[in-house]
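Peer 1: One structure coming up, written as structure tokens, with questions to follow.
The values are calculated or read from the model by the stated rules, or taken from the named source; none is laboratory data. What you see is a predicted model, and the numbers here were worked out from it, not measured in a lab. FYI the Cβ positions are ideal-geometry reconstructions off the backbone, even for glycines, and counts take in every protein chain you see. For accessibility, only protein heavy atoms count, side chains too; no ligands or nucleic acids. Shrake-Rupley method; radii C 1.70, N 1.55, O 1.52, S 1.80 Å.
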Amino acid sequence: MREVNRRGFLTGTAGALGGAALASAASRTINADAAVATASAPRFHGPHQAGIVDERQNNAAFVSFDVVARDRNELVELLRTLTARARVLTTGGPVAALGIAAPAGDPGTLGPSVPAGRLAVTIGLGASLFDDRYDLEAAKPRRLRPMDTFPDDDLDPARCHGDVLVQLTAPQQDTVLHALRDLTRHTRGLMQPRWRIDGVVPPPRPSGASRNNLGFKDGIANPPPALADQLVWTGPGEPSWARGGSYQVVRVIRMLIEFWDRVTLGEQERMIGRHRDTGAPLSGNRETDAPNYTNDPNGATIPLDAHIRLANPRTAQADSSRILRRGYNYDLGIDSNGNLDTGLIFTCFQQDLDRQFVAVQNRLAGEPLVDYISPVGGGYFFAVPGVRNGADWYGRALIDETASQR
């Protein structure tokens, strides 16, 4: 079944993702005691940021911002403010009373005392930030650039790239939205939302990995945490400030589910390479079984162009291109033609963009699944190293390193 023209289907569809709402600027909303208490918070401080190798949480927001800080000093103010707010939000505490004439110190959506709620904040920097505005050009991570356009993409420029990416994840949606509201409120005038997409991880149906909007189990074959130093964290070869960070890819992938739902189950499974009910590879019985390509060299069981076979052909060379993958389902309602606008927020972290994500993407070019999906937005970002202690802040080493080069 290949008669569907996905380009024609997309003609006239609604283009823009919902923007993040900005609130008016205000002073800090959670009292100083709560902020001080975060000095030993294990979830926030450390050599790497939270929200990368941690277990995937149920709710997420990805918000890309354009930095509008007027100069380098205001950029430092932005980075320090993001750090201070993230430190407070991930710790929680009672809301400070700002006085009868002052604006409300907190929107109140989480009640009178803000719970930490297992919130994780992850900050990434886009290639566009490393221009001549802030004298950062010489310190750009080696492989950071605007997101590549691959042959099967249909990217909307309004939904791509950005100077700063804020990833927020938590078990509860209201925790994520509260954090976003707080961060935009405190950084108004320093950065402006460019695009936003929210996602969810549904519960297992009936067990094991969760399912994406195509009905298949998603994220089964991630590398183990023990390989993070080889596959996730950057090291020698990058600017010294960037070591311990990670390249993050975000891809907003629309799923043309009206067409997908017309395809037979057997063909769906051959395109993916897995049984839809169990998640097992077509050569196995359980979702955790490794695909057996050695005994299937001609693709009689798992087709040679199946998604899982192209993404990870299980060769020695492909092992070095493995990525730490996170997927979230999204639902933006309907487009202007009355078609459902749903899909996948694909995000992954890796040590080397070209060796890993780009290599995987090149192997997937032209796969049968491209008739039923359409990448429409996203970007490449560099997730900065972690905030090490209460005196540190996002990007401090970057600012210090470039100050010496001015």
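Peer 1: What is the spin-label model distance, in nm, from residue 104 to residue 173 if the labels are put 7 Å beyond Cα along the C-beta direction?
Peer 2: Output for this residue pair reads 2.0 nm.
Peer 1: Please report, in cubic angstrom per residue, the volume enclosed by the convex hull of the alpha-carbon atoms of the range 356-406.
Peer 2: 153
Peer 1: Right, another one. For the range 302-355, just the Cα atoms, rotate onto the principal axes and tell me the three extents in Å, largest first.
Peer 2: Result for the range 302-355: principal-axis Cα extents of 46, 29, 16 Å.
Peer 1: Please get the size of the charge dipole for the range 47-162, origin at its Cα centre, with Cβ charges of +1 on Lys and Arg and -1 on Asp and Glu, quoted in debye to the nearest 20.
Peer 2: Charge dipole of the range 47-162: 500 debye, to the nearest 20.
Peer 1: So how much slack lies between residue 278 and residue 354, counting 0.36 nm per residue of separation and subtracting their Cα-Cα distance, in nm? Can you show the working numbers first?
Peer 2: Working: separation 76, 0.36 × 76 = 27.36 nm, distance 3.28 nm.
That works out to 24.1 nm of additional length.
Peer 1: Roughly how much of residue 155 is accessible, in Å² to the nearest 10, using a 1.4 Å probe?
Peer 2: Accessible surface of residue 155 is approximately 40 Å².
Peer 1: Report the Cα-based extents of the range 124-196 along its three principal axes, largest first, to the nearest Å.
Peer 2: 36, 36, 20
Peer 1: So, one more: Using alpha-carbon pairs under 8 Å, 6+ residues apart, how would you state the relative contact order of the chain in percent? Walk me through the numbers before you get to the answer.
Peer 2: Working: 834 pairs, mean separation 107.1, N = 406.
Reported relative contact order: 26 percent.
Peer 1: Right, something else. What distance in nm separates the two pseudo spin-label positions at residue 71 and residue 337, each 7 Å out from Cα along the beta-carbon direction?
Peer 2: 5.1
Peer 1: With a Förster radius of 22 Å, plug the Cβ-Cβ distance of residue 391 and residue 131 into 1/(1 + (r/R0)^6) and report the FRET value to the nearest 0.05.
Peer 2: Numbers: r = 29 Å, r/R0 = 1.30.
Computed FRET efficiency for residue 391 and residue 131 comes out at 0.15.
Peer 1: Rounded, prolate or oblate for the range 207-254? Axes are the square roots of the Cα gyration tensor eigenvalues, ordered a ≥ b ≥ c, and the cut-off for rounded is a/c under 1.5.
Peer 2: In terms of gyration-tensor shape, oblate.
Peer 1: Using a ≥ b ≥ c from the Cα gyration tensor of the range 126-273 (square roots of the eigenvalues), is it rounded, prolate or oblate, where a/c under 1.5 gives rounded and otherwise the larger of a/b and b/c decides, a/b for prolate?
Peer 2: Working: a/c = 1.72, a/b = 1.53, b/c = 1.13.
Taking the square roots of the gyration eigenvalues as a ≥ b ≥ c, the range 126-273 is prolate.
Peer 1: Just to be sure I understand: with springs between alpha-carbon atoms less than 10 Å apart, which residue in 143, 396, 262 has the highest mean-square fluctuation in the Gaussian network model of the chain?
Peer 2: Comparing 143, 396, 262 in the GNM, the peak value goes to 262.
Peer 1: For residue 66, what residues show an amide H to amide H distance below 5 Å, using hydrogens built from the backbone and excluding near sequence neighbours?
Peer 2: So residue 66 has HN proximity to 163, 192, 194.
Peer 1: Here's something else I'd like to know. Distances longer than 19 Å among the Cα atoms of the range 175-260: what percent of all pairs is that?
Peer 2: That tail contains 67 percent of the Cα-Cα pairs.
Peer 1: Apply the Kirkwood formula to the chain: the hydrodynamic radius equals the inverse of the mean of 1/r over all pairs of different alpha-carbon atoms; give it in Å with one decimal.
Peer 2: Evaluated over the chain, this radius sits at 22.3 Å.
Peer 1: Further question: Which one of 65, 92, 139 is farthest out on the positive end of the charge dipole of the chain, using unit charges on Cβ (Lys, Arg +1; Asp, Glu -1) and the Cα centre as origin?
Peer 2: It is 92, whose Cα lies furthest towards the positive end.
Peer 1: Once R0 is set to 22 Å, what does the formula 1/(1 + (r/R0)^6) return for the Cβ-Cβ distance between residue 314 and residue 54, expressed as a FRET efficiency to the nearest 0.05?
Peer 2: Numbers: r = 27 Å, r/R0 = 1.21.
Computed FRET efficiency for residue 314 and residue 54: 0.25.
Peer 1: Okay, next question. Between residue 382 and residues 5 or more places away or on another chain, which pairs have amide H atoms under 5 Å apart, with H built 1.01 Å from N, and which residues are they?
Peer 2: 125, 126, 248
Peer 1: Treating the beta-carbon of each Lys and Arg as +1 and of each Asp and Glu as -1, no other charges, what is the dipole magnitude of the chain about its Cα centre, to the nearest 20 debye? Write out the running numbers ahead of the final one.
Peer 2: Values: 44 positive and 45 negative charges, 115 e Å.
Result for the chain is approximately 560 debye, rounded to the nearest 20.
Peer 1: Something else: Among 123, 253, 100, which one shows the biggest mean-square fluctuation in a GNM of the chain, springs joining Cα atoms closer than 10 Å?
Peer 2: Among 123, 253, 100, the largest GNM mean-square fluctuation belongs to 100.
Peer 1: What shape does the range 222-372 take by its C-alpha gyration tensor, where a ≥ b ≥ c are the square roots of the eigenvalues and a/c under 1.5 counts as rounded, a/b above b/c as prolate, and the rest as oblate? The partial results should precede the final answer.
Peer 2: Working: a/c = 2.27, a/b = 1.25, b/c = 1.81.
It comes out oblate by the Cα gyration axes.
Peer 1: Counting only Cα, what are the radius of gyration and maximum Cα-Cα distance Dmax of the range 102-147, in Å?
Peer 2: 18.3, 46
Peer 1: Go through 201-207, 288-294, 381-387 and give me the packing order, highest mean Cβ count within 10 Å leading. If you can, show how the numbers build up before the last one.
Peer 2: Values: 201-207: 12.0, 288-294: 14.6, 381-387: 25.3.
Order by mean packing, descending: 381-387, 288-294, 201-207.
Peer 1: Here is a follow-up. Note down the magnitude of the dipole of the range 293-397 about its Cα centre, charges +1 on Lys and Arg C-beta and -1 on Asp and Glu C-beta and zero elsewhere, to the nearest 20 debye.
Peer 2: It works out to roughly 520 debye.
Peer 1: While we're looking at this one, here's another question. How tilted is helix 173-186 with respect to the longest principal axis of the chain? Cα atoms for both, answer in degrees (0 to 90, nearest 10).
Peer 2: 50
Peer 1: Here's a follow-up. First measure r as the distance between the Cβ atoms of residue 304 and residue 240, then evaluate 1/(1 + (r/R0)^6) with R0 = 41 Å and state the FRET efficiency to the nearest 0.05.
Peer 2: For R0 = 41 Å, the calculated efficiency reads 0.40.
Peer 1: Farthest toward the dipole's positive end in the chain, which of 83, 203, 378, given Cβ charges of +1 (Lys, Arg) and -1 (Asp, Glu) about the Cα centre?
Peer 2: Comparing the listed Cα positions along the dipole, 83 ranks first.
Peer 1: When the chain is modelled as a GNM with alpha-carbon springs shorter than 10 Å, which of 194, 314, 159 fluctuates the most?
Peer 2: Per the Cα network of the chain with a 10 Å cutoff, 314 tops the list.
Peer 1: Which value in deg cm²/dmol, rounded to the nearest 500, describes the helix-derived mean residue ellipticity at 222 nm for the chain, given -39,500 (n - 2.57) per DSSP H run of n ≥ 4 and division by the residue count?
Peer 2: -5000 deg cm²/dmol
Peer 1: Then there is this: Among 113, 404, what's the order by accessible area (1.4 angstrom probe), most exposed first?
Peer 2: Accessible-area ranking of 113, 404, largest first: 404, 113.
Peer 1: Rounded to whole Hz and in sequence order, give me ³J(HN,Hα) for the range 226-231 from the Karplus expression 6.51 cos²θ - 1.76 cosθ + 1.60, θ = phi - 60°, writing x for Gly and Pro.
Peer 2: The phi angles translate into 4, 9, 4, 5, 8, 10 Hz.
Peer 1: Ok, one more. Of 112, 214, 227, which is farthest along the charge dipole of the range 92-243 in the positive direction, counting Lys and Arg as +1 and Asp and Glu as -1 at C-beta?
Peer 2: My answer, from the dipole projection, is 112.
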